[in-house]
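Notes to accompany the following structure.
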Ligand SMILES: [Mg+2]
């Protein structure tokens, strides 16, 4: 069976805009009404869909931190999946890095690999935080980093850097 290729997308800051708090750290929106798509994303998914599976891979610890309801989070994710016509979504609700699925751990990517028979070396992970880069590195995907200059250390070196999201189309052979 021929192996498939996928683009993994982080959610906050990549598919949808992520608000930043007063310390310049990104946050997750709380309600579906707050969804604002990142500029260019609809064109990007349309273009990449021809050759790649499109999969969202997101940490959403707000429920376990008592900062949002599971219902709200699921509603947001369902709307994004539908609006952008994604092939699949993987969500980790854990707040503890011991979880093998919580990025930077690669569990969600490995689940997708198994389900879709992916060749991870031909896959890309687009993210805006060090956790995304870690998950890409640990799974063997190529990482594309959109740097918003958040107030946090970037603990892994990305394979590619972009200044705006549409820049990914120059990197990925679509
Ligand atoms: Mg993000």
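Contact map, segment 11-26: first residue free of Cβ contacts under 8 Å to residues at least 24 places away in the same chain, second residue more than 9 Å from the ligand (Cβ to nearest atom), Cβ cut-off under 6 Å, separation 6 or more or different chains; pairs are 17/36; 17/38; 19/27; 21/27. Scanning segment 120-174 for residues that are assigned to a loop (DSSP other than H, G, I, E, B), at pLDDT 95 or above and within 16 Å of residue 6 (Cα to Cα) turns up 123, 140, 141, 172. If you check 30, 4, 103, 47 for being within 16 Å of the ligand (Cβ to nearest atom), over 15 Å from the mean Cα position of the chain (by Cα), at pLDDT 95 or above and surrounded by 14 or more Cβ atoms within 10 Å (Cβ to Cβ), only one passes: 30.
Just a yes or no: is a residue in segment 59-70 on the phi < 0 side of the Ramachandran plot and either modelled with pLDDT under 95 or assigned to a helix (DSSP H, G or I) (or both)? Before the answer, list the steps.
To start, the set of residues in segment 59-70 that are on the phi < 0 side of the Ramachandran plot comprises 59-65, 67-70.
This time we only want the ones that are either modelled with pLDDT under 95 or assigned to a helix (DSSP H, G or I) (or both), so: 70.
Checked segment 59-70: at least one residue is on the phi < 0 side of the Ramachandran plot and either modelled with pLDDT under 95 or assigned to a helix (DSSP H, G or I) (or both).
Yes/no matrix, rows are residues, columns are (1) more than 15 Å from the ligand (Cβ to nearest atom); (2) closer than 25 Å to residue 111 by Cα; (3) surrounded by 20 or more Cβ atoms within 10 Å (Cβ to Cβ):
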position: 13; (1), (2), (3): no, yes, yes
position: 25; (1), (2), (3): no, no, no
position: 36; (1), (2), (3): no, no, no
position: 65; (1), (2), (3): yes, yes, no
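Taking (1) more than 16 Å from the ligand (Cβ to nearest atom); (2) farther than 24 Å from residue 40 by Cβ; (3) within 17 Å of the chain's Cα centre (by Cα); (4) in a helix (DSSP H, G or I) in turn, residue 81 satisfies each apart from (2). Checking each residue in segment 125-165 for being away from the ligand (no atom under 15 Å from the Cβ) and under 18 Å from residue 110 (Cβ atoms) picks out 137, 138, 139, 140, 141, 142.
Restricting attention to segment 27-55, the residues that are in contact (Cβ under 8 Å) with a residue 24 or more places away in the chain and either assigned to a loop (DSSP other than H, G, I, E, B) or on the phi > 0 side of the Ramachandran plot (or both) add up to 12. Looking across segment 50-63 at every residue that is out of contact with any helix residue (DSSP H, G or I) (no Cβ under 7 Å at 6 or more places or on another chain) and away from the ligand (no atom under 14 Å from the Cβ), the one that is farthest from residue 132 (Cα to Cα) is identified as 50. Yes or no: segment 107-127 includes at least one residue that is without any contact (Cβ under 8 Å) to a residue 40 or more places away in the chain, under 13 Å from the mean Cα position of the chain (by Cα) and surrounded by 22 or more Cβ atoms within 10 Å (Cβ to Cβ). No, there is no match, as no residue in segment 107-127 is without any contact (Cβ under 8 Å) to a residue 40 or more places away in the chain, under 13 Å from the mean Cα position of the chain (by Cα) and surrounded by 22 or more Cβ atoms within 10 Å (Cβ to Cβ).
The values are calculated or read from the model by the stated rules, or taken from the named source; none is laboratory data. What you are looking at is a predicted structure, and each value in this text was computed from that prediction instead of being measured. As a convention, Cβ positions derive from the backbone with ideal geometry for all residues, glycine included, and neighbour counts pool all protein chains shown.
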